[in-house]
1. Which condition does Tyr86 not pass, out of (1) modelled with pLDDT under 90; (2) farther than 25 Å from Gly161 by Cβ, if it passes all the others?
2. Test Ala119 against the stated conditions and say whether it is in contact (Cβ under 8 Å) with a residue 12 or more places away in the chain and within 24 Å of Leu287 (Cβ to Cβ).
3. Does any residue of the range 166-175 turn out to be part of a loop (DSSP other than H, G, I, E, B) and either at pLDDT 95 or above or touching a strand residue (DSSP E or B) at 6+ places or on another chain (Cβ under 9 Å) (or both)?
4. Of the residues that make up the range 210-221, is at least one in the same structural domain as Val274 (by TED's automatic domain parsing), aromatic (Phe, Trp, Tyr) and in contact with a Gly (Cβ under 9 Å, 6 or more places away or on another chain)?
5. Just give me the residues in the range 108-144 being over 21 Å from the mean Cα position of the chain (by Cα) and either surrounded by 19 or more Cβ atoms within 10 Å (Cβ to Cβ) or more than 15 Å from Thr84 (Cβ to Cβ) (or both), in sequence order.
6. Going by the conditions given, is Ile156 touching a helix residue (DSSP H, G or I) at 6+ places or on another chain (Cβ under 9 Å), over 25 Å from Leu301 (Cα atoms) and among the aliphatic types (A, V, I, L, M)?
7. Looking at the range 198-206, is at least one residue at pLDDT 95 or above, hydrophobic (A, V, I, L, M, F, W, C) and either outside any helix (DSSP H, G or I) or surrounded by 13 or more Cβ atoms within 10 Å (Cβ to Cβ) (or both)?
8. Between Gly267, Gly292, which is small (Gly, Ala, Ser), under 18 Å from Asp178 (Cα atoms) and modelled with pLDDT of 95 or more?
Amino acid sequence: MYKRKSIFYLLVILCIFLFIGGCTTADDQNQPKTDEQAVDIVVTDDFGNQVKLDHYPERIVSLVPSNTEILFALGLGEKVVGVTTYCDYPEEAKDKPKIGDLTGNVEEIVALEPDLVLAKGILNDDAVNKLRKLDIPVLCLDPESIEGVYRAIELIAQATGTNDKGEEIIGEMKKKIDSVEKKVAKIPAEERLRVFIEVGSDPLYTAGKDTFVHELVTLAGGINIADELSGYQIYSSEAVVKNNPDVILSADSYYVDIKQEIKKRAGWEEINAVQEGKVIYELDTNLLNRPGPRSALALELIAKALYPEIFQD
């Protein structure tokens, strides 16, 4: 009789342990995956390359400032272990270890033991090829439009498990851009300002179609006088005088004193933009040249500089 009771109690205890174990397993399955747990991520970058990750990256290196800004906007600053010497926004980026200029020093990158490197197209081509041969995952992004910026944010968010934050950033950008577009839509075609975009002074360079700054100017209600060109092209000083823009937007003012430069150029004193004082040089050059989370702000600032009267609020 004693043996039967003992066996009965043992069976009851065994059933309890099995029940608890089953509940624990079920609870574990319902828990969200952490960075340390295995995940299955496949991201196709802007060049058609598949980047496969089996965990969310903990050590990320960025080879261009725009990607660095996206990482910090996504709340991944603590996971950024290396940036370029040009990565100066946000302020915290300045304190990160440097891996050289925009070409990237492969030895210094490898020494940081990254589990993901974010690059930009042809600009980082040599470093990207070497890193991939070392089996270091590299995600190449090449945004040259607002839609391209959205895609870059989405891809980085997907690779890092920050999809919700990525959607939030894109939503805020779209809201601001939509607000600007609605205001400039009221400007009649014949009243829209003709703009010369200067992106280099020696020799003189401008931005034509298929460039990020061209899209910003167009969305802001401006008309690019060099819109017959594609990409970044040399543009003669004489052509600027002939086309007589209403506004000169200097996207190179970080390196050049545009006011002093203009004084040296023959015939420019006759240009409408110069006579009316519509030479825009005070905008943050980085805002105009970095396709990232602050692009909507760049658009808003350009629109306000072109048409201050409709942005008084």
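The values are calculated or read from the model by the stated rules, or taken from the named source; none is laboratory data. Just so you know, these numbers come straight off a predicted model, no measurement behind them. Note: ideal-geometry Cβ built from the backbone for every residue, glycine included; neighbour counts use all protein chains shown.
1. Only one criterion in (1) modelled with pLDDT under 90; (2) farther than 25 Å from Gly161 by Cβ is unmet by Tyr86, namely (1).
2. Values: in contact (Cβ under 8 Å) with a residue 12 or more places away in the chain: yes; within 24 Å of Leu287 (Cβ to Cβ): yes.
So Ala119 fits the description; yes.
3. First, pick out the residues of the range 166-175 that are part of a loop (DSSP other than H, G, I, E, B): none.
Taking every residue of the range 166-175 in turn, none turns out to be part of a loop (DSSP other than H, G, I, E, B) and either at pLDDT 95 or above or touching a strand residue (DSSP E or B) at 6+ places or on another chain (Cβ under 9 Å) (or both).
4. Quick first cut of the range 210-221, residues in the same structural domain as Val274 (by TED's automatic domain parsing) only: 210-221.
Next, only the ones that are aromatic (Phe, Trp, Tyr) stay: 212.
So of that shortlist, the ones also in contact with a Gly (Cβ under 9 Å, 6 or more places away or on another chain) come out as 212.
The answer is yes, given that some residue of the range 210-221 is in the same structural domain as Val274 (by TED's automatic domain parsing), aromatic (Phe, Trp, Tyr) and in contact with a Gly (Cβ under 9 Å, 6 or more places away or on another chain).
5. Val110, Ala111, Glu113, Asn129, Lys130, Leu131, Arg132, Lys133, Leu134, Asp135, Ile136
6. Numbers: touching a helix residue (DSSP H, G or I) at 6+ places or on another chain (Cβ under 9 Å): yes; over 25 Å from Leu301 (Cα atoms): yes; among the aliphatic types (A, V, I, L, M): yes.
The answer is yes for Ile156.
7. no
8. Values: Gly267 fails: under 18 Å from Asp178 (Cα atoms).
The match here is Gly292.
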